[in-house]
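Written below as structure tokens is the structure these notes are about.
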Amino acid sequence: MNPVTTTLFLVGIGIMAYALYLSIKLKVIFNSRKAWFSFGGKLRKAWGIITSLIFFFLTSYVIMGVMQITGIDLINPVMLTSIVFVVGATFVLLVVFLNYETFSKFAVH
């Protein structure tokens, strides 16, 4: 694997791992009874889905890295990319939804 590709994979894995860590920490905060805010079922569920999608992306990075290093196609790379694009679009939709729902609760009408 070329050094640029290797670097990009490692950076991507690091970013996704950190995002997963922060997402799990957020879930702990949301579930805390000491929080000054309350997230209802819809928002809590959305954060759970986002955490799952981050885990999916992290797993995809690892699978693609293993495939690049070993030269063995565990899954068709085009299929993996297509799946990541669809899941990525879903992720973006959920983030926008979550932001809208969160900020609309604090907005003054």
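Net charge dipole, the chain: roughly 680 debye, given to the nearest 20, about the Cα centre with Cβ charges of +1 for Lys and Arg and -1 for Asp and Glu. Size descriptors for the chain (Cα atoms only): Rg and Dmax, in that order, 17.1, 57 Å. Spacing of the modelled spin labels on K42 and V28, each 7 Å from Cα toward Cβ, amounts to 2.9 nm. If you plug the beta carbon distance of I72 and F103 into 1/(1 + (r/R0)^6) with R0 = 41 Å, you get a FRET efficiency near 0.35. Peptide packing for 73-83, 12-22 was compared via the average number of neighbouring C-beta atoms within 10 Å per residue; ordered from the highest value, the list is 12-22, 73-83.
Just so you know, all these numbers are worked out from the coordinates, no wet-lab data involved. Quantities reported herein were computed from a predicted structural model and do not represent experimental measurements. Note: ideal-geometry Cβ built from the backbone for every residue, glycine included; neighbour counts use all protein chains shown.
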